[in-house]
């Protein structure tokens, strides 16, 4: 039995969704509604004490962290491999994936969370105070304290945007030799990880990522969008 | 040919050093002197444009990022394996390694860099200004601007210490069932990664990590210190 807890086809939830679909694996589609704080429910926190999403269940085993889930899926279901066979290319894939987790994702999270301010600032103050007091982590508490109040400062938003400009430049430079996928000729977990975060960037920061400024990145995004697995993502936006 | 560029047996440089020694691999010991900024020399930056250390050379291939280097070494030199054969245990190993890279290491870096302030604040102001202007990354520039001036604020140091308290609590909880190594019975890359960062903690934060407060962590540190590979680390502190 495979089951994936996720927030629908957004950000880190896309990472294991795409891997499962690319591999043709059947899985239970367990969508959590972040606006109802379902990822903080005690039932879910049996699997993820800090309330982080996504989480994969495989029989009686719990696997957390989207990048780790994908390496796990590739270790266990090796028939359709999404990691290069060559160890050096595999290392390059891991360097690129690690960069998304450590640099790209935290910067994008600031802009993404900031956009939740109109929603979060309308939550009943008493309810929000209770939510904040019971956040699984101090980091989560601080984020929601900002988001449910005024949102991030201009300075914090500018800093996140500066980092995202570095991210976009890195992708463009990587693809500028005309390669179809991030690790040369082979589609891999690096493409999946990058796509999870890049997907919304042309809309979020059109001045940074557009067909004139970053033609190779836009072409790669279109190549990704044409994959049947990406086209199938919408099916996982709704509860079964 | 294997060669490792590193800063000697400290922090992230320990990670691949220990892996190479545990596997009994011969390698050229290429120590960089961070106080002479050798990691910013153009010759080294051919391998690591951002000046990050360690870097592994394997024939004509360059592998960066200590956690990735160790997975690479385990992929290529599989005779002595340092990853659990079981995919779920392997995933757990990766979750723990990722936590060090994303949470533990950045917090420890603040305290570590702060301790460089007495040295860095004595650097000739003109030389330092030139160094800052030519830092490979904006993040590096900001760090050295702080360190070469007054050091980190009390608030930043308290925040790093708060995170390190979480780190120590996590390790203690993990080891509290009496297991000898982080992933149950098998010594793995997770122990290597954690040791690289934990090694100095009983001296750096004795109130957090000591035999009364964290007996299981201290016992694990002693178990690590008794491994021949760890005992051999000092040999890699000096240039050949």
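Report, for chain A, the % of DSSP beta bridges that are antiparallel, rounded to 5.
70 percent
Would you order A:138, B:102, A:207 from fewest to most other beta-carbon atoms within 10 Å of each residue's own beta-carbon?
So the residues, fewest neighbours to most, are A:207, A:138, B:102.
Any idea what the residue A:50 label distances to the other copies are, label 7 Å down the Cα→Cβ vector, nm, shortest first?
2.0
Within segment B:23-42, name every residue whose backbone N is under 13 Å away from a label modeled 7 Å from Cα of residue B:130 along the Cβ vector.
No residues fall inside that zone.
Taking square-rooted eigenvalues a ≥ b ≥ c of the alpha carbon gyration tensor, is chain A rounded, prolate or oblate, where a/c under 1.5 means rounded and, failing that, a/b exceeding b/c means prolate?
Cα axes put chain A in the oblate bin.
For B:150, A:15, B:117, which order do you get if you count the other beta carbons within 10 Å of each Cβ and list the fewest first?
B:150, B:117, A:15
For the pair residue A:75 and residue A:149, what calculated FRET efficiency results from E = 1/(1 + (r/R0)^6), where r is the Cβ-Cβ distance and R0 = 41 Å, to the nearest 0.05?
0.45
Please report A:22, B:65 as a ranked list, fewest other C-beta atoms within 10 angstrom at the top and most at the bottom.
Ascending number of Cβ neighbours within 10 Å: A:22, B:65.
Distance in nm between label sites at residue A:109 and residue B:103, each 7 Å beyond Cα in the beta-carbon direction?
The two pseudo-label positions are separated by 1.1 nm.
Shielding by partners for B:87-98, please: the mean number of other protein chain Cβ atoms within 10 Å of each residue's Cβ.
6
Please report, largest first and rounded to whole Å, the three semi-axes of the ellipsoid equivalent to segment B:87-227, where each semi-axis is the square root of five times an eigenvalue of the C-alpha gyration tensor.
33, 17, 12
Would you kindly work out, in nm and rounded to one decimal, the distances from the label point of residue A:157 to those of the same position in each other copy, ordered shortest first, with label points 7 Å along Cα-to-Cβ?
Listed shortest first, these distances are 3.5 nm.
Could you name the residue in chain B with the C-beta closest to the rotation axis that superposes chain B on chain A, along with the separation in whole Å?
Per the B/A rotation axis, the closest residue of B reads B:102, 3.
Calculate for chain B the 222 nm mean residue ellipticity that helices alone would give, adding -39,500 (n - 2.57) per DSSP H run of length 4 or more and normalising by residue count, nearest 500 deg cm²/dmol.
-15000 deg cm²/dmol
Can you list, shortest first in nanometers, how far residue A:25 lies from the same residue in the other copies, with each label 7 Å from Cα toward Cβ?
Inter-copy label distances (nm, one decimal, shortest first): 2.8.
Under the definition of partner shielding as Cβ atoms of other protein chains within 10 Å of a residue Cβ, what is the mean value for peptide B:175-186?
0
Throughout, read-outs are computed from the coordinates displayed, never taken from laboratory work. The shown structure was predicted, so the numbers you read here are calculated from the model rather than taken from an experiment. With ideal geometry, Cβ positions are generated from the backbone for all residues, glycine too; neighbour counts draw on all protein chains shown.
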